[in-house]
Amino acid sequence: MTQSAAAVRTKPQNQNDTAYKILFIIGLVHLLNDSIQSVIPAMFPILEKSMGLSFTQLGMIAFSLNIVSSILQPLIGMATDKKPMPYALPLGLTSTMFGVLGLAFAPSFEFVILSVLFIGLGSAVFHPEGSRVAYMAAGPRRGLAQSIYQVGGNSGQALAPLITALILVPLGQFGAVWFTLVAAIAVGLLLYIAAWYSRKLDYEKIAAKAKQSSKQVNKGISKNIKMALVLILFLIFARSWYISGMTNFYAFYAIDKYGISIKEAQIFLFAFLVAGAFGTFFGGPLADRFGKKNIIFLSMIATAPLSAIIPFMPYVVAFALLTISGFILMSSFSVTVVYAQELVPGKIGTMAGLTVGLAFGMGAIGSVGLGYLADLIGLPLMIISVGFLPFLGILTMLLPQDEKLAEWNNS
């Protein structure tokens with residue numbers, strides 16, 4: 001019996017089956033990773049008081065986190081497309097663990113920035129390789145796998161208001177130290193994932209040799225595809241700026257406008273982010289039924305009138321509209337990723353790095369720009385201005401229809 005035949009015979013399960021256990025673990029780790037990231041904006045009201053930081057400095061903290069992830073995610077995605085690195089996953093979360101520890105004890109603004117860079121580095125390593133794990137574990141259920149993975153991340157982000165209300169408000173900056181335990185749990189789970197990942201790669205190498213798989217044809221990218229890709233990235237830019245404005249600064253606006261506490265203001269953000277997590281989950285199936293372009297268009301245009309009037313609404317109405325807008329807007333989150341992947345087939349890792357990583361980058365630029373704008377013209381006027389960003393979704397009409405994408409891919 002040859003080595004290849006033995007390996008194929010002794011594999012624990014059909015390699016084309018959906019590995020639900022792996023999907024749920026990587027989704028859970030995505031939740032843990034993004035909940036750690038959410039500690040940073042959740043600490044903004046705490047840091048503003050304890051260190052006397054300005055809105056611009058708070059924006060710089062968010063910028064430091066997101067720009068590292070934004071720049072490195074596509075680069076790491078391209079590198080691991082060529083050479084997958086299973087054990088980069090636990091190493092990345094180890095960097096995050098040290099960053100959270102530094103954040104809990106940071107004595108100054110500069111040390112906060114340094115700690116945040118370590119967290120951003122860990123996130124940059126995790127996301128492209130985590131996406132690859134979800135893809136490898138998907139079997140024939142790639143849409144479901146993407147939903148499980150992305151909802152894990154969005155659910156982690158939605159925990160930020162609860163983290164603030166239950167941990168950071170009573171414990172202050174030191175409360176972040178508890179998230180070193182969260183990071184340690186994530187590292188342990190990723191060691192298990194990395195071992196499975198390595199075995200999966202070994203099997204795929206053997207299967208590829210046995211099948212003598214034909215090499216892929218590397219086609220160039222046409223001008224129309226490039227223009228469509230630039231447009232979808234611009235739409236992600238607009239969506240990310242709005243989300244950045246709401247997650248980083250709306251709590252301050254709600255505190256001033258409604259006279260509520262930090263803990264009560266976090267309930268607004270919790271509702272917005274939890275609704276967004278549900279929107280992310282349902283957006284994929286809706287796009288399968290009604291078309292990706294249609295869902296992207298409706299997610300922004302239907303959000304626009306709500307986002308424009310939220311700053312003027314009374315407490316209860318604003319809460320309801322914020323929740324609804326979070327669901328609608330985030331329904332296109334995973335859809336824009338899939339749309340980009342179908343624009344440039346065969347570049348799954350690169351497109352995921354650009355669309356998801358770029359979203360972090362646009363949020364980073366938005367954090368600095370919006371923080372500066374709030375200092376310049378006042379927080380209320382900045383929040384009102386941000387509410388008009390979803391109207392840019394009208395540009396979705398210029399994107400190619402789903403049928404055109406299929407035609408380009410088959411040509």
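The values are calculated or read from the model by the stated rules, or taken from the named source; none is laboratory data. All values reported here derive from a predicted model rather than from experimental measurement. When we count neighbours, we look across all protein chains shown, and the Cβ atoms used for this are built from the backbone with ideal geometry, even at glycine.
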Q: From the list Ile71, Ile113, Ile67, Ile40, pick out the single residue that is crowded, with 23+ Cβ neighbours inside 10 Å and at negative phi.
A: Ile40
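Identify the residue in the stretch 193-221 that is under 28 Å from the mean Cα position of the chain (by Cα) and modelled with pLDDT under 90 and, among all such residues, is surrounded by the fewest Cβ atoms within 10 Å (Cβ to Cβ).
Quick first cut of the stretch 193-221, residues under 28 Å from the mean Cα position of the chain (by Cα) only: 193-201, 221.
Next, from what is left, pick out any that are modelled with pLDDT under 90: 198-201, 221.
Working: Ser198: 13, Arg199: 15, Lys200: 19, Leu201: 13, Ile221: 11.
Ranking the qualifying residues of the stretch 193-221, first place goes to Ile221.
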(Q) So, in the stretch 391-411, exactly how many residues are closer than 13 Å to Phe234 by Cα and part of a loop (DSSP other than H, G, I, E, B)? (A) 1
Q: Exactly one condition in (1) at pLDDT 85 or above; (2) assigned to a loop (DSSP other than H, G, I, E, B); (3) of a type in the set (S, T, N, Q) is not met by Asn16; state its number.
A: (1)
Q) Of the conditions (1) surrounded by 23 or more Cβ atoms within 10 Å (Cβ to Cβ); (2) under 20 Å from Ile236 (Cα atoms), Gln266 fails just one. Which one is it? A) (2)
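For the stretch 253-272, which positions are touching a Pro at 6+ places or on another chain (Cβ under 7 Å) and hydrophobic (A, V, I, L, M, F, W, C)? Working first, answer last.
Step one: filter the stretch 253-272 for residues touching a Pro at 6+ places or on another chain (Cβ under 7 Å), giving 253, 262, 266-267, 269-270.
Listed by number, the residues that qualify are Ile262, Ile267, Leu269, Phe270.
State the number of residues belonging to the stretch 338-390 that are under 22 Å from the mean Cα position of the chain (by Cα) and either assigned to a helix (DSSP H, G or I) or surrounded by fewer than 20 Cβ atoms within 10 Å (Cβ to Cβ) (or both). Outline the logic, then answer.
Filtering the stretch 338-390 down to residues under 22 Å from the mean Cα position of the chain (by Cα) leaves 338-371, 386-387, 389-390.
From what is left, the residues that are either assigned to a helix (DSSP H, G or I) or surrounded by fewer than 20 Cβ atoms within 10 Å (Cβ to Cβ) (or both) are 338-371, 386, 389-390.
Count: 37.
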Q.
So the check is Cβ under 7 Å with 6+ separation or different chains; which pairs have a first residue in the stretch 165-178 that's within 14 Å of Ser115 (Cα to Cα) and touching a residue at least 24 places away in the same chain (Cβ under 8 Å) and a second one that's in a helix (DSSP H, G or I) and of a type in the set (Val, Ile, Thr)?
A. Gln173/Ile46; Ala176/Val39; Ala176/Val100
